1. State to the nearest 20 debye the size of the charge dipole of the chain about its Cα centre, where the only charges are +1 on K and R beta carbons and -1 on D and E beta carbons.
2. Using a Cα-Cα cut-off of under 29 Å, which lysines could be cross-linked to LYS168, ignoring same-chain neighbours fewer than 8 residues away?
3. Here are labelled values, [x] 1.13; [y] 1.64; [z] 0.97, and one is the computed Cα Rg over 2.2 N^0.38 Å for what I pasted. Which one?
4. Can you work out ³J(HN,Hα) from phi for every residue in the range 130-145, in order, using Karplus 6.51 cos²θ - 1.76 cosθ + 1.60 and θ = phi - 60°, giving whole Hz and x for Gly and Pro?
5. Indicate the gyration tensor shape class of the range 63-154 (rounded, prolate or oblate), computed on the Cα atoms with a ≥ b ≥ c the square roots of the eigenvalues: a/c under 1.5 is rounded; otherwise a/b larger than b/c is prolate and the rest oblate.
6. Show me 157-168, 41-52 ranked by packing, highest mean number of other Cβ atoms within 10 Å first.
7. Write out the GluC sites (Glu not before Pro) in the range 66-131 meeting two conditions: DSSP loop, and at most 12 other Cβ atoms within 10 Å of their Cβ.
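Nothing in this text is a laboratory measurement; each read-out follows from the coordinates by a stated rule. Small disclaimer: the values here were computed from a predicted structure and weren't measured. Note that each Cβ is placed from the backbone with ideal geometry, even for glycine, and that neighbours are counted across all protein chains shown.
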Amino acid sequence: MRTATKFAALACAVVLFGGCAAKGPEMKTVDYVDIDRFMGPWYVIANIPTFLEKGAHNAVETYTLNDDGTIATNFKFRKDSFDGKIKEYNPKAFVMNKETNALWGMRFVWPIKADYRIVHLDDEYQHTIIGRQDRDYVWIMARTPTVSGADYDKLLSVVESLGYDTSKIETVPQRW
C-alpha cells in the first residue's frame, strides 16, 4: 500500500474513531436486514461527509458478501467534479449483531472497526440511512442516483428524528 494511501486511511480512522463519549440516546438500528438483499450498489444521495468525502461527485458504495460472512466494501467517487480524479476506498465490514444484521463494524485500518448502523431501510430495499452513535456522520443512500423530492424530505426527516443537525447535511451530486 502506498504511503499516501496508508496516511489517508489512518487519518480517516482518527476522524471516525476520535470521539470517546456517545452523543445522545442509543441510536437504534432497523429490526432486521436481509444481508443478501442489502448487497450491491448504493448511491450516496446526501451525507454529513468525512474529510475524505468532501467534494465527492457520483459517490457509490457497493457491498459484496464474502464467504466468511464479512462484507467487502467498495466506496468510489470523483473528487470535486464529475470529471475529477477517481477516489476509491475498500474497507471491510463485519456484522456485529447477527440477530438484526443492522449493526456493523467498518474497518478502514486494522484493528479498529468504526460504528456503522443501518438505522433506516425501506421495505423494498431502495432507500437506506446509515448512522453512527456519535451522530457525527450520516449517509442517505438509494439504489438509484436520484430520489424524488418527497422521498428526500422523508429521509431527511428520519435523519433529524435521530438527533442529527440537518444543517450539516450536504447533497452529493450524481450525474450518470
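1. Working: 22 positive and 23 negative charges, 168 e Å.
Here the chain has a charge dipole of around 800 debye.
2. Result set, ordered by chain and number: LYS6, LYS23, LYS28, LYS54, LYS76, LYS79, LYS85, LYS87, LYS92, LYS113, LYS154.
3. [z]
4. Listing the rounded values in order: 10, x, 9, 3, 6, 6, 8, 9, 8, 10, 9, 10, 9, 6, 10, x Hz.
5. Values: a/c = 1.70, a/b = 1.15, b/c = 1.48.
Oblate is the answer for the range 63-154, as a/c is 1.5 or above yet b/c matches or exceeds a/b.
6. On the way: 157-168: 14.4, 41-52: 19.6.
Result, highest mean Cβ count within 10 Å first: 41-52, 157-168.
7. Working: sites: GLU88, GLU99, GLU124; in loops: GLU99, GLU124.
Qualifying residues, ordered by number: GLU99, GLU124.
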